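A quick write-up on the structure given underneath.
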Amino acid sequence: MASSPRVVVLAGGVGGSKFTLGVRDALARRNGPEATVVVNTGDDLWLSGVRLQPDVDSILYALAGVNDTERGWGRDGDTERVNAELQQWGAGWPWFTLGDLDLGTHLARTGWLRDGLTPTQIVERLSGRWPLGVRMLPMTDTEVDTHVRVVGGDVLHFQEWWTRHRAQLTPLGFDHPGIEAALPAPGVVEAIADADVVLLAPSNPVVSIGPILAVPGIREALALTSAHVVGVSPIIGGAVVRGMADVCLTAIGVETSAAAVAAHYGTRSEGGLLDAWLIAEEDAHLAAAIDALGMRAVVAPLWMRDVAASAAMADAALAAAAV
Ligand code: FO1
């Protein structure tokens, strides 16, 4: 297998951006080609007249080194003057903060959409500002925002469910209206077909990786590629690291355990996705059960405390693919 593997990462959220930093680092040491990162766009929304792509921006800002590492979203050192003014007008959502610098990104994006650029072209343009060291692609150019059906019958945009209600309204399911007609963004299927390794980041399996897999054509590309497909568990010691993956998994009937998420993704040779699954040392006792699913369980430290730790995880994932 190539010493400079062509790598595709499927990613979203904070777990996705931390892992992407590690992949970039691991590949730079191999002097290999830049990874292609296919980013979830289910978190996207229109607010106060601008288009937000939270996962695209989180990964972009993290790669550029301008992200707010405390909050996990937005720009480092951002101010909220425009947001305060929007609140005075009663515009937008009072529970959702748009930072001033961050708004610059949303305004640029929205203007380019109005000019007729596609989200893929806009991500490329945004990526040109900083030397990112990876190629970013949105999963699709179609608007397929995630909606959450909650107990009581209400349907909320994912961002309202998450930022306003902090995932406290019990979800019954997650939908992406219009996704059946969506196409993978240009370059996504080709990148998967040409890859040596596809990595599933330790992102939320339901609302970060789930929407990517739900775009018609992406799951099929993963089934057809000769690349090794290696996933990284977002569950450590039977619990989520941060975020709401446990609530999301419960809603779709999956236990919050590294083994259950492995079974949810499924074994490639049996029509699922994974050839190998990286699990945390805390979950080493699950390795035999995961092997029994027909995929290879690989035990590694999975706490992404810093870039070096994320890069070590990426190395372990590449080693699991034997590249
Ligand atoms: N998360 C919050 O918890 N509160 C916010 O006010 C908030 C604003 C926000 C603005 C732009 C952006 O790109 C992301 C933002 N996020 C905010 C993060 C976001 O809600 C989610 O954490 C991600 O979509 C999940 O990956």
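The values are calculated or read from the model by the stated rules, or taken from the named source; none is laboratory data. Please read all numbers here as calculations on a predicted model, not as lab measurements. Glycine gets a Cβ as well: all are built from the backbone with ideal geometry, and neighbour counts include every protein chain shown. We work out accessible area using only protein heavy atoms, side chains counted, and drop any ligands, DNA or RNA first. Shrake-Rupley method; radii C 1.70, N 1.55, O 1.52, S 1.80 Å.
For segment 57-67, the candidate set comprises residues that are among the small types (Gly, Ala, Ser) and more than 10 Å from the ligand (Cβ to nearest atom); within that set, the residue that is least open to solvent (accessible area, probe 1.4 Å) is ALA62. Evaluation of GLU34 against the conditions (1) open to solvent by 60 Å² or more (accessible area, probe 1.4 Å); (2) within 12 Å of the ligand (Cβ to nearest atom); (3) charged (D, E, K, R); (4) closer than 21 Å to VAL232 by Cβ shows that the sole unmet condition is (2).
LEU47 fulfils the conditions (1) within 15 Å of the ligand (Cβ to nearest atom); (2) within 21 Å of SER127 (Cβ to Cβ); (3) at pLDDT 95 or above; (4) open to solvent by less than 30 Å² (accessible area, probe 1.4 Å) except for a single criterion, (2). In segment 308-323, what residues are within 11 Å of VAL230 (Cβ to Cβ) and open to solvent by 10 Å² or more (accessible area, probe 1.4 Å)? Selection gives ALA316, ALA319, ALA322, VAL323. Of all residues in segment 1-31, exactly one satisfies the criterion of being within 14 Å of the ligand (Cβ to nearest atom) and without any contact (Cβ under 8 Å) to a residue 60 or more places away in the chain, namely SER17.
Taken over segment 107-133, the criterion of being buried (at least 20 other Cβ atoms within 10 Å of the Cβ) and under 18 Å from ILE218 (Cβ atoms) is satisfied by PRO119, VAL123. Selection of segment 84-106 for residues being surrounded by fewer than 20 Cβ atoms within 10 Å (Cβ to Cβ), among the small types (Gly, Ala, Ser) and not in a helix (DSSP H, G or I) yields GLY90, ALA91, GLY92. Of all residues in segment 148-168, those that are in contact (Cβ under 8 Å) with a residue 60 or more places away in the chain have Cβ atoms under 6 Å from Cβ atoms of residues that are more than 10 Å from the ligand (Cβ to nearest atom) and open to solvent by 30 Å² or more (accessible area, probe 1.4 Å), 6 or more apart or on another chain, in ALA167/VAL247.
Could you tell me whether segment 68-83 includes any residue that is more than 12 Å from the ligand (Cβ to nearest atom) and open to solvent by less than 30 Å² (accessible area, probe 1.4 Å)? Looking for residues that are more than 12 Å from the ligand (Cβ to nearest atom) and open to solvent by less than 30 Å² (accessible area, probe 1.4 Å), one finds none in segment 68-83, hence no.
The residues of segment 138-152 that are open to solvent by 10 Å² or more (accessible area, probe 1.4 Å) and assigned to a loop (DSSP other than H, G, I, E, B), listed by number, are ASP141, THR142, GLU143, ASP145, VAL151, GLY152.
State whether one or more residues within segment 103-124 are closer than 22 Å to LEU213 by Cα, touching a helix residue (DSSP H, G or I) at 6+ places or on another chain (Cβ under 6 Å) and not aliphatic (A, V, I, L, M). Within segment 103-124 (the criterion being closer than 22 Å to LEU213 by Cα, touching a helix residue (DSSP H, G or I) at 6+ places or on another chain (Cβ under 6 Å) and not aliphatic (A, V, I, L, M)), the answer is no, since none of the residues qualifies.
Inside segment 234-260, residues that are in contact (Cβ under 8 Å) with a residue 40 or more places away in the chain and either among the hydrophobic types (A, V, I, L, M, F, W, C) or touching a Pro at 6+ places or on another chain (Cβ under 6 Å) (or both) make up a count of 12.
Return yes or no: is VAL155 of a type in the set (Val, Ile, Thr), on the phi < 0 side of the Ramachandran plot, open to solvent by 10 Å² or more (accessible area, probe 1.4 Å) and more than 16 Å from the ligand (Cβ to nearest atom)? Here the answer is yes, as VAL155 does meet what is asked. Residue count for segment 277-307 under the criterion of being surrounded by 17 or more Cβ atoms within 10 Å (Cβ to Cβ) and more than 23 Å from ARG24 (Cα to Cα): the result is 9.
Residue-by-condition table, conditions (1) open to solvent by 60 Å² or more (accessible area, probe 1.4 Å); (2) within 16 Å of the ligand (Cβ to nearest atom); (3) not aliphatic (A, V, I, L, M):
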| position | (1), (2), (3) |
| --- | --- |
| ALA167 | no, yes, no |
| ALA191 | no, no, no |
| VAL206 | no, yes, no |
| ARG219 | yes, no, yes |
| ALA227 | no, no, no |
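Would you mind finding the one in VAL82, VAL38, VAL66, VAL23 that is within 20 Å of PRO138 (Cβ to Cβ), over 18 Å from the mean Cα position of the chain (by Cα) and not basic (Lys, Arg)? None of the others qualify; the one that does is VAL66.
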